[in-house]
């Protein structure tokens with residue numbers, strides 16, 4: 001009988017599902033940048049964010065962060081046979 005009661009108590013205390021909304025820190029972690037580029041992109045209108053959030057409570061969806069990254073990606077062309085070196 002105690003097992004049934006403990007299982008029922010565990011079901012009642014189950015956590016809420018995760019929110020689809022990312023904070024600025026979570027968006028920055030997803031994009032592998034600091035938070036300032038996230039805030040800058042929102043201010044410039046390049047990254048979507050609901051207008052009712054202030055600077056310290058910015059929220060955006062993961063799909064919006066991904067779209068922002070793709071829109072700002074610079075493709076690199078490497079000719080076949082050319083050695084690729086990273087500038088230091």
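Read-outs: derived from the displayed coordinates by stated rules, not from any lab. Computed from a predicted model, the values in this text were never measured in an experiment. Glycine gets a Cβ as well: all are built from the backbone with ideal geometry, and neighbour counts include every protein chain shown.
Listing for the model above:
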| item | result |
| --- | --- |
| Taking segment 18-70 and dividing mean pair separation by its residue count, relative contact order in percent (alpha carbons under 8 Å, at least six apart) | 43 |
| Relative packing of peptides 44-51, 21-28, 71-78 - highest average C-beta neighbours within 10 Å first | 21-28, 44-51, 71-78 |
| Contour excess over end-to-end distance, with Cα ends at residue 43 and residue 70 and 0.36 nm allotted per residue | 7.9 nm |
| Fraction of the pair-distance distribution of segment 18-70 above 14 Å, Cα-Cα pairs, percent | 42 |
